[in-house]
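K.L.:
Once you've had a glance at the structure underneath, I'll fire off some questions.
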Amino acid sequence: MALTPSTMLALGTTAPDFALPEVVTGKTISLSTFAGKRALLVMFICRHCPYVQHVKAQLARLGTDYAGKDVGIVAISSNDAVHYPDDAPQPLKAMAQAEGFVFPLCYDESQAVAQAYTAACTPDFFLFDANRILIYRGQLDDSRPGNGKPVTGRDLRAALDAALAGRPVKPDQQPSIGCNIKWKQGREPAYFGR
């Protein structure tokens, strides 16, 4: 397990478009799926990573808590499923159903979407405003497996609440930490490992 931080993509970056299959329904999800929403949260997760296992119940709660609010939420798994079969679409579907995810969970087989977002780890979070401009990237909270701190979602929830209230998100943002995205051989992006 390689401990990897977020790349901390520059605030103000425009959300890259994507069109990916959702693992439960098979429907194609894209930026336009969330048109008209005041905010959009894009989360890069997977199934096997202990850091995602540590926060998955909080992700499910976050989805439920914000389901009636003016925010779109999508999770994306970009791991190489050949070498990490727990991160293939069927096991991802089982996780989404078991955890009660109310947001779509998509599979990025080509890994192009992860690269477009400069996603580096699981979990990795990107929050965009109504114009799809990046206003937050970083950690869910400061809990990590084994550090004894409760999983609250405090940092990400504060950013979501600010975005929904039309307030600026605090610029002091801490990187997420997790397992590196499992890149296919020859697909490792230039930013990986920096």
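Laboratory data are not the source of any read-out in this text; all were calculated from the coordinates shown. Predicted, not measured: the structure shown is a model, and the values here were computed from it. Glycine gets a Cβ as well: all are built from the backbone with ideal geometry, and neighbour counts include every protein chain shown.
K.L.:
Test each condition in (1) without any contact (Cβ under 8 Å) to a residue 40 or more places away in the chain; (2) surrounded by fewer than 18 Cβ atoms within 10 Å (Cβ to Cβ); (3) not in a helix (DSSP H, G or I) for Lys69 and report the one that comes out false.
P.N.:
(1)
K.L.:
Between Asp87, Asp80, which is over 14 Å from the mean Cα position of the chain (by Cα) and buried (at least 22 other Cβ atoms within 10 Å of the Cβ)?
P.N.:
On the way: Asp80 fails: buried (at least 22 other Cβ atoms within 10 Å of the Cβ).
Only one candidate qualifies: Asp87.
K.L.:
Could I ask something else about it? Report, by residue number, each residue of the range 76-101 that is of a type in the set (A, V, I, L, M, F, W, C), in a helix (DSSP H, G or I) and without any contact (Cβ under 8 Å) to a residue 60 or more places away in the chain.
P.N.:
If we filter the range 76-101 for residues that are of a type in the set (A, V, I, L, M, F, W, C), which is where we start, we get 76, 81-82, 88, 92, 94-96, 98, 101.
So of that shortlist, the ones also in a helix (DSSP H, G or I) come out as 92, 94-96, 98.
Residues satisfying the conditions are Ala94, Met95, Ala98.
K.L.:
Among the listed residues Arg157, Arg144, Arg132, which satisfies the condition of being charged (D, E, K, R), under 17 Å from Ser6 (Cα atoms) and touching a residue at least 24 places away in the same chain (Cβ under 8 Å)?
P.N.:
Sole residue among the options that is charged (D, E, K, R), under 17 Å from Ser6 (Cα atoms) and touching a residue at least 24 places away in the same chain (Cβ under 8 Å): Arg144.
K.L.:
Still on this structure, please answer the following. I'm trying to understand the selection: among the residues of the range 175-185, which are surrounded by 15 or more Cβ atoms within 10 Å (Cβ to Cβ) and either assigned to a loop (DSSP other than H, G, I, E, B) or in contact with a helix residue (DSSP H, G or I) (Cβ under 9 Å, 6 or more places away or on another chain) (or both)? I'd like the intermediate steps shown before the answer.
P.N.:
At the first step, the residues of the range 175-185 found to be surrounded by 15 or more Cβ atoms within 10 Å (Cβ to Cβ) are 175-184.
Correct list: Pro175, Ser176, Ile177, Gly178, Cys179, Ile181, Lys182, Trp183, Lys184.
K.L.:
Determine, yes or no, whether Ala130 is out of contact with any Cys (no Cβ under 7 Å at 6 or more places or on another chain), in a helix (DSSP H, G or I), surrounded by fewer than 23 Cβ atoms within 10 Å (Cβ to Cβ) and not β-branched (Val, Ile, Thr).
P.N.:
Numbers: out of contact with any Cys (no Cβ under 7 Å at 6 or more places or on another chain): yes; in a helix (DSSP H, G or I): no; surrounded by fewer than 23 Cβ atoms within 10 Å (Cβ to Cβ): yes; not β-branched (Val, Ile, Thr): yes.
Against the criterion (out of contact with any Cys (no Cβ under 7 Å at 6 or more places or on another chain), in a helix (DSSP H, G or I), surrounded by fewer than 23 Cβ atoms within 10 Å (Cβ to Cβ) and not β-branched (Val, Ile, Thr)), Ala130 does not qualify.
K.L.:
From the set of residues in the range 146-160 that are surrounded by 14 or more Cβ atoms within 10 Å (Cβ to Cβ) and of a type outside the set (A, V, I, L, M), which is nearest to Leu9 (Cα to Cα)? Talk me through it step by step, then tell me what you get.
P.N.:
First, the residues of the range 146-160 that are surrounded by 14 or more Cβ atoms within 10 Å (Cβ to Cβ): 151-160.
Now restrict to residues that are of a type outside the set (A, V, I, L, M): 152-155, 157.
Numbers: Thr152: 24, Gly153: 20, Arg154: 20, Asp155: 17, Arg157: 19 Å.
Among them, the one singled out is Asp155.
K.L.:
Return the only residue of Phe103, Phe126 being aromatic (Phe, Trp, Tyr) and in contact with a helix residue (DSSP H, G or I) (Cβ under 7 Å, 6 or more places away or on another chain).
P.N.:
When all the criteria are applied, what remains is Phe103.
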